[in-house]
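Below is one structure, written out as structure tokens, with a few remarks after it.
The values are calculated or read from the model by the stated rules, or taken from the named source; none is laboratory data. For clarity, every value in this text was computed on a predicted model and none was experimentally measured. Reconstructed Cβ throughout: ideal geometry from the backbone, glycine too, with neighbour counts over all protein chains shown. Please note that ligands, DNA and RNA were not included when accessible areas were found on the heavy atoms of the full protein model with its side chains. Shrake-Rupley method; radii C 1.70, N 1.55, O 1.52, S 1.80 Å.
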Amino acid sequence: MENESRRKFLGVCAAGAAVVAAGGVAYPVFRYLAPKAGETGTEKVVFAETDVPEGEAKFFQYAGSSAVVVRTKAGQLIALSAVCTHLGCIVQWEKDQQDFLCPCHAGRYTPDGTVISGPPPKPLAKLPVAVAEGKITVG
Amino acid sequence: MPLLKRVYDWIDLRIGAREVVKQELTGYLLPRNINEWYSLGSVLLVIFALQVVTGMLLLVYYVPDADKAFKSVSYIMNELPYGWLIRLCHAVGSNMMVAVLFLHMLSTLFMGSYKSPRELNWLTGFTIFALVQAISLTGYLLPWSQLSFWATTVATNSASAIPVIGPYMVEFLRGGKLVGPPTLGRFFALHVAVIPAVIVALIGLHLFVLKRTGISTPPFGAKGEAKTWPGDVYRHESHPGGIPFLPNYALTDLSSISIYFALFLAVVFFAPNLLFTADSFVPANAFKTPAHIKPEWYFLANYQTLKIFPSELLGISIQAAAGTFLALLPFIDRSRERDPFRRPIFLACVIAGILLWFGLTIWGHYS
């Protein structure tokens with residue numbers, strides 16, 4: 001009986017040590033593979049106002065994702081996430097139609113990101129944009 | 001625990017797991033006089049598994065491009081959390097694998113376990129040994145540092161001494177006249193795909209042969225078990241009345257693995273730069289050869305042998321002859337006696353060979 005409880009105790013100790021060792025191995029491996037914190041891209045993106053003429057759009061990397069600034073024919077400047085809300089494809093600017101088309105499943109959005117047609121469940125996310133001294137600042 | 005038992009029962013019902021465990025582990029009997037040296041094979045399996053795992057992890061961030069390789073390794077070492085640990089485990093592990101393989105082969109040699117009917121064990125083991133050196137050589141280039149670049153130049157250059165085909169062989173291996181970006185591509189493919197696949201296959205064959213022939217009985221310790229194989233029909237050398245692999249010898253394996261890990265982690269944590277020189281931290285420059293560049297420690301004896309002979313051809317021929325002699329040793333040495341203390345000439349030759357190897361290695365290091 002005493003032997004059995006000793007054996008059980010040793011078994012529990014060995015199992016505990018094994019769990020600790022496994023954790024000691026798993027933690028560095030997890031940290032090594034996990035995306036680095038703060039690696040989401042720049043907080044603010046600045047470019048010249050002349051980069052976005054009327055009726056055209058400029059795509060760029062923003063906060064680790066894709067974004068777009070579009071200047072409508074009415075002169076309004078809009079910054080949006082370029083990630084389609086359906087399955088995450090990147091939308092394209094259709095200059096002739098003056099709207100966004102997602103080439104994956106033909107989702108269409110207005111220049112301000114509102115869904116016109118197709119499967120997207122939500123409008124494109126809006127991003128803060130400002131114009132000062134001939135420069136466009138997103139973020 | 002009842003849950004684990006139920007899972008085990010469920011599996012057992014389907015594949016007869018208990019029968020396999022009894023046959024291959026608890027009922028797998030080993031000679032009563034088996035010693036710790038027999039556990040080096042298990043240690044090597046653990047080292048190889050660790051090399052595969054750390055290698056896979058390094059592949060996540062390593063870029064096999066001459067312009068980016070060094071930067072990617074620097075990124076792994078300096079920027080990624082625990083990247084240094086994974087890279088050091090891989091680099092130190094490769095050296096340890098060669099060292100433990102040396103010991104494994106020496107113990108096999110010393111105890112005469114290479115002898116008939118275990119010629120195939122020796123041949124497969126010898127080939128694995130050669131391949132482990134090849135995988136280490138190819139991996140050495142991948143960081144694309146000054147050390148790796150020029151050590152690879154020196155190591156690959158040796159083959160050019162082979163008459164007629166030597167220079168072409170070197171060019172073929174390097175993918176050009178000199179070590180360069182094409183060499184990196186070739187060595188990368190060999191290091192991560194070709195050689196590991198062959199090593200895995202050969203380990204499988206080595207273990208298969210070991211299981212079929214049966215584990216050898218040490219030539220010393222408690223006697224009375226060793227049987228002489230007449231060589232007429234296939235016979236599995238079993239050890240009735242021996243000790244079970246599980247739990248008895250598995251604990252010895254575990255002890256040896258723990259001792260190995262103690263040594264291995266001591267190097268990783270307390271002497272991380274043991275294997276690196278200042279040239280390891282400088283990106284490769286094909287126009288600037290660093291002074292005193294040398295191949296890895298396990299090639300130093302070969303390197304020095306080439307240097308001491310007036311003709312490189314003579315040096316390489318002697319090495320080829322020595323290698324062939326060792327590979328074919330079970331076919332040359334056909335005496336039945338396995339106890340090294342009853343084979344003074346053999347014992348003297350082994351000790352002289354070891355001393356010669358150490359002497360040449362030290363000489364190569366300081367030359």
TODO: Give the residue, chosen from B:Leu263, B:Leu178, that is in contact with a helix residue (DSSP H, G or I) (Cβ under 8 Å, 6 or more places away or on another chain), modelled with pLDDT of 95 or more and surrounded by fewer than 17 Cβ atoms within 10 Å (Cβ to Cβ).
DONE: B:Leu263
- [ ] Just name the residue that is nearest to B:Val132 (Cα to Cα) out of those in segment B:28-58 that are touching a Leu at 6+ places or on another chain (Cβ under 9 Å) and small (Gly, Ala, Ser).
- [x] B:Gly41
TODO: Tell me the helices (runs of 4 or more DSSP H) entirely within segment B:5-93 that contain at least 3 residues that are farther than 30 Å from A:Ala34 by Cβ.
DONE: B:17-21, B:40-61
Open item on the list: Can you report the number of residues in segment B:73-92 which are under 17 Å from B:Leu141 (Cβ atoms) and within 23 Å of the chain's Cα centre (by Cα)?
Closed with: 3
TODO: Could you run through segment A:97-120 and say how many residues are over 24 Å from A:Phe47 (Cβ atoms) and assigned to a loop (DSSP other than H, G, I, E, B)?
DONE: 9
- [ ] Give the residues of segment B:57-97 that are of a type in the set (Gly, Ala, Ser) and either within 11 Å of chain A (Cβ to nearest Cβ) or open to solvent by 50 Å² or more (accessible area, probe 1.4 Å) (or both), sorted by residue number.
- [x] B:Gly83
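Can you find a residue in segment A:77-91 that is part of a loop (DSSP other than H, G, I, E, B) and more than 19 Å from the chain's Cα centre (by Cα)?
Among the residues of segment A:77-91, not one is part of a loop (DSSP other than H, G, I, E, B) and more than 19 Å from the chain's Cα centre (by Cα), which makes the answer no.
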Task: Conditions (1) surrounded by fewer than 16 Cβ atoms within 10 Å (Cβ to Cβ); (2) without any contact (Cβ under 8 Å) to a residue 40 or more places away in the chain; (3) under 28 Å from B:Ala291 (Cα atoms); number of the one not met by B:Ser367 - done: (2)
- [ ] Determine whether segment B:60-75 contains at least one residue that is touching a Leu at 6+ places or on another chain (Cβ under 6 Å), closer than 30 Å to B:Pro230 by Cβ and touching a residue at least 60 places away in the same chain (Cβ under 8 Å).
- [x] no
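Quick grid of which residues meet (1) part of a loop (DSSP other than H, G, I, E, B); (2) on the phi > 0 side of the Ramachandran plot; (3) out of contact with any strand residue (DSSP E or B) (no Cβ under 7 Å at 6 or more places or on another chain); (4) not basic (Lys, Arg):
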position: B:Asn157; (1), (2), (3), (4): no, no, yes, yes
position: B:Glu171; (1), (2), (3), (4): no, no, yes, yes
position: B:Ile195; (1), (2), (3), (4): no, no, yes, yes
position: B:Ile199; (1), (2), (3), (4): no, no, yes, yes
position: B:Lys211; (1), (2), (3), (4): no, no, yes, no
position: B:Pro219; (1), (2), (3), (4): yes, no, yes, yes
position: B:Thr228; (1), (2), (3), (4): yes, no, yes, yes
position: B:Thr252; (1), (2), (3), (4): no, no, yes, yes
position: B:Ile259; (1), (2), (3), (4): no, no, yes, yes
Open item on the list: For segment B:275-284, which positions are open to solvent by 60 Å² or more (accessible area, probe 1.4 Å) and either touching a residue at least 12 places away in the same chain (Cβ under 8 Å) or among the hydroxyl-bearing types (Ser, Thr, Tyr) (or both)?
Closed with: B:Thr277, B:Phe281, B:Val282, B:Pro283
TODO: Considering every residue within segment A:54-76, establish whether at least one is within 14 Å of chain B (Cβ to nearest Cβ) and without any contact (Cβ under 8 Å) to a residue 12 or more places away in the chain.
DONE: no
Task: Condition broken by B:Leu147, with the remaining ones in (1) surrounded by 15 or more Cβ atoms within 10 Å (Cβ to Cβ); (2) under 30 Å from B:Glu24 (Cα atoms) satisfied - done: (2)
Open item on the list: Restricting to segment B:35-56, give me the number of residues that are polar (S, T, N, Q) and either within 10 Å of chain A (Cβ to nearest Cβ) or more than 25 Å from the chain's Cα centre (by Cα) (or both).
Closed with: 1
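Residue-by-condition table, conditions (1) in a helix (DSSP H, G or I); (2) open to solvent by 30 Å² or more (accessible area, probe 1.4 Å); (3) modelled with pLDDT under 90; (4) not basic (Lys, Arg):
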site: B:Lys294; (1), (2), (3), (4): no, yes, yes, no
site: B:Tyr298; (1), (2), (3), (4): yes, no, no, yes
site: B:Asn302; (1), (2), (3), (4): yes, yes, no, yes
site: B:Thr305; (1), (2), (3), (4): yes, no, no, yes
site: B:Leu313; (1), (2), (3), (4): yes, yes, yes, yes
site: B:Ser317; (1), (2), (3), (4): yes, yes, no, yes
site: B:Ala320; (1), (2), (3), (4): yes, yes, no, yes
site: B:Gly323; (1), (2), (3), (4): yes, no, no, yes
site: B:Phe331; (1), (2), (3), (4): yes, yes, no, yes
TODO: Would you confirm whether any residue within segment A:20-41 is away from chain B (no Cβ under 14 Å), open to solvent by 40 Å² or more (accessible area, probe 1.4 Å), within 30 Å of A:Pro120 (Cβ to Cβ) and not β-branched (Val, Ile, Thr)?
DONE: yes
Open item on the list: From the list B:Gly214, B:Gly185, B:Gly176, exactly one residue is of a type in the set (Gly, Ala, Ser) and in contact with an Asp or Glu (Cβ under 6 Å, 6 or more places away or on another chain). Which is it?
Closed with: B:Gly214
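Condition first: over 25 Å from B:Asp67 (Cβ atoms), hydrophobic (A, V, I, L, M, F, W, C) and not in a helix (DSSP H, G or I). Now tell me which residues in segment B:105-151 satisfy that.
Correct list: B:Met111 only.
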